[in-house]
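Here the structure is laid out as structure tokens; the discussion comes afterwards.
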Amino acid sequence: MIRLEHLSKTYSGRTGTHQALRGIDLHIEAGDVFGIIGQSGAGKSTLVRCINLLERPTEGRVLIDGKDVTAYRGKELAKLRESIGMIFQNFSLFQQRTVLRNVMFPLELRHTNKREAESRALELLKLVGLADKGDRYPVQLSGGQQQRVAIARALANNPKIMLCDEATSALDTMTTHAILNLLRDINRELGVTMVVITHSLSVAQQVCNKVAVLDEGIIVEQGATAEVFGNP
Ligand code: ADP
Ligand code: ADP
């Protein structure tokens, strides 16, 4: 479903260049909950941002469903991004919009008619357990609830892939557990392939069936989670 071939990314700045990714080869299959783990600065965010082309790789190719998307621009790129949901550590909700209107946002971008968008957004809020919070504003919700809203918004376009960038790093242990269970349900019930970036081994162990360990832009280990970490 997602294939990265010899992917490299070099950032150039005033102080010189930095090679954030060095020849990454990775295959994420449909239905995987695939963990990308590594310490801060390892290149995890860069890697995931190359999948939806928020970053352009310096070298190598990104294939989605067998299609080389590396050079996509304009309409093709917009369409690709619609098929990939993304959630972040800081939730990135629109603070001036209600919960319902946050979830409607991706549908409004596509000019879905308002009633249809509203009923779809309500359905998604129900799915994440927030059916009664549509008229609240993000600031009125807990961190875990805000991340549920972000998950509902990420699902609005029926994505095949969801990218989760440190999605539980701002949450306490209990809330993290609940959010990871929700992500796993979405993977199983809606068949959404998940890429989970985390610096936490315990998060990876709880939710990922496969993991790749990234260190200074290189994959140093990858495979089934139980094999990489050893059975407890
Ligand atoms: P991680 O997500 O594992 O913390 P990142 O992908 O964010 O790692 O960063 C990998 C390396 O690339 C780091 O050394 C970081 O400082 C550098 N880097 C990331 N984004 C940029 C950028 N836009 N410009 C320059 N360097 C960057
Ligand atoms: P309203 O229609 O309620 O005024 P807006 O569509 O203007 O809401 O957006 C609400 C907030 O979200 C604003 O702070 C705006 O800057 C921000 N925002 C709107 N569109 C985007 C976008 N595509 N990316 C990031 N932030 C956005």
Only one of L4, L21 is more than 13 Å from G217 (Cα to Cα), part of a strand (DSSP E or B) and touching a strand residue (DSSP E or B) at 6+ places or on another chain (Cβ under 8 Å), namely L4
Considering residues that are surrounded by fewer than 18 Cβ atoms within 10 Å (Cβ to Cβ) and of a type in the set (A, V, I, L, M, F, W, C), the number found within segment 117-141 is 3
Of those in segment 1-34 that are β-branched (V, I, T) and within 14 Å of ligand 1 (Cβ to nearest atom), the residue nearest to the chain's Cα centre (by Cα) is I24
K75 passes all but one of the listed conditions (1) more than 27 Å from G143 (Cβ to Cβ); (2) modelled with pLDDT of 95 or more; (3) among the basic types (K, R); the exception is number (2)
Reported set for segment 67-113 where residues are assigned to a loop (DSSP other than H, G, I, E, B) and open to solvent by less than 70 Å² (accessible area, probe 1.4 Å) is V69, T70, Y72, S83, F91, S92, L93, R97, T98, T112
Scanning segment 20-37 residue by residue, those crowded, with 23+ Cβ neighbours inside 10 Å and within 18 Å of M194 (Cβ to Cβ) turn out to be V33, F34, G35, I36, I37
Scanning segment 85-116 residue by residue, the ones that are more than 13 Å from ligand 2 (Cβ to nearest atom) and among the small types (G, A, S) total 1
Checked against (1) among the aliphatic types (A, V, I, L, M); (2) in contact with a helix residue (DSSP H, G or I) (Cβ under 9 Å, 6 or more places away or on another chain); (3) open to solvent by less than 50 Å² (accessible area, probe 1.4 Å); (4) within 26 Å of N102 (Cα to Cα), L54 satisfies every condition except (3)
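The values are calculated or read from the model by the stated rules, or taken from the named source; none is laboratory data. All of these numbers come straight from a predicted model, not from anything done at the bench. Reconstructed Cβ throughout: ideal geometry from the backbone, glycine too, with neighbour counts over all protein chains shown. Each accessible area value is taken on the protein alone, full model and side chains, heavy atoms only, with ligands, DNA and RNA left out. Shrake-Rupley method; radii C 1.70, N 1.55, O 1.52, S 1.80 Å.
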